[in-house]
Amino acid sequence: MTEVVTDDRASAAPVVITTIAGIRAALAERHSSASAPVRVALVPTMGALHTGHVALVERAAEIADVVVVSIFVNPLQFTDPSDLARYPRDLEGDLAKLAGHGADVVFAPEVAELYPGGLTATRVTAGRVGGLFEGRSRPGHFDGVLTVVAKLLGSVGPDVVLFGQKDAQQVFLVQQMVTDLDMPVQVEVVETVRDHDELALSSRNRFLDERERRAAITLPHVLEAAESASDRGIDAVLAAAQSAAMGEQLVELDYLAIVHPDTFLPVDDGYTGKARVIIAAKVGDTRLIDNAAIYLGT
């Protein structure tokens, strides 16, 4: 019997497990050897970790006894094969970034481990919202996301799963799946982590050159403009946001919308109350997303 989960979160690096049987056995051992119930947290990632991921792990360590970080580049959620091929992979670098931040185990399966018979024919469908915004630009993307999240939840069996607010539509759809399918897991959402210039941290930021990086801060500027106009209603918010988005030639706006937090559907004209501004744009060849909570009306 191999002990792979410990309480020493200051250790050099988390232990790596690559099979479903292995992660289940490790967690079963921890449960059986504990004198009190053990709370397990899962932080699903695709690797290429940054400070935003570390914030998720640190939050997981605050609320759980065992923290599992999954690292898996999921082919189901890529609509462009070239995007999948160029997605950064650096397991050793990721392990170094996790060291000392509370991760006990890294679950890093190969594609053949999660999809032993090829990409699964049985998939979770994201419904109406899954075809909007990110889903419109990347058909089938959210079906792939929800399917792999469901598989990871089934493999690890966590009490809580953590996601970052930057991926707002993904967060909404995961919460919807968990509710609709009565999954016994709590969804914890951690606020977006931003760099010194307010650009939301993303694994894709590494693809930006110096000029593109300067242009990319247009996205948080758009959100700031939207928030500053929120007391004047939806038309003022959209006008302010669109004005902030203009003038930067390297930024090609994909969508800019104001959605209701309970439905993730566009709010009606005249709506007042809590809302979320969402934006996606290409900066050079790199596609970035961001969002912010606002309150429409006084």
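The values are calculated or read from the model by the stated rules, or taken from the named source; none is laboratory data. Being a predicted model, the structure only gives us computed values, none of them experimental. Backbone-built Cβ (ideal geometry, glycine too); neighbour counts: all protein chains shown. Note: accessible area is taken over every heavy atom of the protein model, side chains too, but ligands, DNA and RNA are not part of it. Shrake-Rupley method; radii C 1.70, N 1.55, O 1.52, S 1.80 Å.
With all protein chains present and a 1.4 Å probe, how do 294, 63 order by accessible area, largest first?
Details: 294 15, 63 40 Å².
Sorted descending by solvent-accessible area, the residues read 63, 294.
At a Förster distance of 22 Å, what's the computed FRET efficiency of residue 181 paired with residue 62, Cβ-Cβ distance as r, to 0.05? Display every interim value, and only then the final one.
Numbers: r = 27 Å, r/R0 = 1.23.
Using R0 = 22 Å, I get an efficiency of 0.20.
Placing pseudo-labels 7 Å out from each Cα toward the beta carbon at residue 18 and residue 238 gives an inter-label distance of 5.2 nm. The calculated FRET efficiency for residue 231 paired with residue 28, based on their beta-carbon distance and R0 = 41 Å, is about 0.15.
The C-alpha radius of gyration of segment 75-122, expressed as a fraction of 2.2 N^0.38 Å, stands at 1.45.
Distance from the Cα centroid of segment 66-136 to that of segment 227-285 is 29 Å (rounded to whole angstrom). Estimated at the nearest 10 Å², the accessible area of residue 72 is 10 Å² with a 1.4 Å probe.
Computed over segment 159-211, the range of Cα coordinates on each principal axis works out to 47, 16, 14 Å, biggest value leading. The largest-to-smallest principal axis extents of the Cα set in segment 32-109 are 49, 23, 18 Å.
Quick one: ranking 46, 246 by accessible area, 1.4 Å probe, largest first, what do you get?
Working: 46 40, 246 145 Å².
These residues rank, largest area first, as 246, 46.
Using a probe of 1.4 Å, the accessible surface attributed to residue 159 totals some 60 Å² when neighbouring protein chains are kept in position.
Quote the FRET efficiency, to the nearest 0.05, computed for residue 249 versus residue 96 with a Förster distance R0 of 25 Å and r equal to the Cβ-Cβ distance. Before the final figure, lay out each step's value.
Details: r = 38 Å, r/R0 = 1.50.
Efficiency computed from Cβ-Cβ geometry: 0.10.
Summing Cβ point charges (Lys, Arg +1; Asp, Glu -1) relative to the Cα centre of segment 155-245 gives a dipole of roughly 340 debye. With 28 Å as the limit on Cα-Cα distance, the pairs of 97/151; 97/274; 166/282 that go past it are 97/274. All C-alpha pair distances within the chain, sorted into 10 Å bins from zero, spread as 6, 26, 34, 23, 9, 2, 0 percent across the bins. Ligands, DNA and RNA aside, residue 58 has an accessible area near 80 Å² when probed at 1.4 Å. Each Lys and Arg contributes +1 and each Asp and Glu -1, all at the Cβ; summed about the Cα centre of segment 63-168, the dipole is approximately 460 debye.
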